[in-house]
1. Suppose we take every Cα in region 134-179 and form the convex hull; what volume per residue is that in Å³?
2. If you take the alpha carbon radius of gyration of the chain and divide it by 2.2 N^0.38 Å, what ratio comes out, to two decimals?
3. Let me have the 222 nm mean residue ellipticity of the chain computed from DSSP H runs of 4+ only, each contributing -39500 (n - 2.57), with the sum over all residues rounded to the nearest 500.
4. Given Val124, Gly156, Leu255, which one lies farthest toward the positive end of the charge dipole of the chain, if we put +1 on the Cβ of every Lys and Arg and -1 on the Cβ of every Asp and Glu?
5. Can you pull the percent of the chain's accessible area that's carbon plus sulfur, 1.4 Å probe, other chains left in place?
6. Return the distance in nm (one decimal) between the two label points of a simple spin-label model at Thr157 and Arg78, each offset 7 Å from Cα along Cα→Cβ.
7. When the convex hull of the Cα atoms of region 129-262 is projected onto a plane and the area is averaged over all directions, what value comes out in nm²?
8. Which value, in Å², gives the accessible area per residue of the chain when a 1.4 Å probe is used on the protein heavy atoms?
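The values are calculated or read from the model by the stated rules, or taken from the named source; none is laboratory data. Here the structure is a predicted model, which is why all the values come from computation and not from measurement. Cβ atoms come from the backbone with ideal geometry, glycine included; neighbour counts cover every protein chain shown. Remember, those area values only see protein heavy atoms, side chains included, never the ligands or the DNA or RNA. Shrake-Rupley method; radii C 1.70, N 1.55, O 1.52, S 1.80 Å.
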Amino acid sequence: MFDIGVNLTSSQFARDRDEVVARAFAAGVSGMLITGTNQAESEAAAELAQRYDRCWATAGVHPHDASSWTSEVAEAVRRLAARPEVVAIGECGLDFNRNYSTPQAQEQAFSAQLALAAELNMPVFLHCRDAHQRFIALLAPWLDKLPGAVVHCFTGTRDELEACLAHGLYIGITGWVCDERRGVELRELLPLIPADRLLIETDAPWLLLRDLTPKPASRRNEPAHLPHIAGRIAQWRAEDAEALARRTDDNARRLFGIDFGD
């Protein structure tokens, strides 16, 4: 099973990154997409993807870092996108929940990255939080120019899910659904996601699974926990876990144009 969202550049993995990757593959993870969130992190993600087998990376600027978007950053992302291990533009999008960058800066950086992805014929790895209507308004005109797009770590409402699906987007589901406090609504939406639009991810080291026992002393999520997430999603979709893993692997291959074996 392929983890489409791993923040492997995080300082939380600095001391044992090799062991984290080894544990993931030993647990049954078939491959990983390492997330780039700004110029430096995108460069680091590409380096890690080159270092580890069955790993790829995204290159882009997260809405939190949108104020850093410049022509120089755009050229750096363009250069990274030419590397074979970089298979998507992003993480990009809108986050009006925290507004670490102004909405105007976020919209400018998002639109610029959509244009770059369209020019390079690359899929986009998307972030949306508390910004759905504006997110769709900016994204929709580009969708017929893009080979594909995934809304990473989807946590929206039923109406938002239906809008994303109507626009042909893939849906990334994390261990958020394992949270009995805030994941129940999303859990109930899982059966609505078509099998050919579902992707799975940990978003490690974030979103440690609340139903994981025993909990790790570090309180850190890892890609090795992806089988737990896949099993829970299969349970709530009333599907076989192995079949779901195969289908989501196929979806990752199709969206990102990658080959990580059977």
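1. Details: hull volume 3.3 nm³, N = 46.
Spread over its residues, the Cα hull of region 134-179 gives 71 Å³ apiece.
2. Details: Rg = 16.9 Å, N = 262, 2.2 N^0.38 = 18.3 Å.
Cα Rg divided by the expected 2.2 N^0.38 Å: 0.92.
3. Working: 9 runs with 103 residues, N = 262.
Dividing the helical sum by the residues of the chain leaves -12000 deg cm²/dmol.
4. Gly156
5. Numbers: 5210 of 11090 Å².
C and S fraction of accessible area: 47 percent.
6. 4.0
7. Details: hull surface 34.6 nm².
Value for region 129-262: 8.6 nm².
8. Details: 11090 Å² over 262 residues.
Here the per-residue accessible area is 42 Å².
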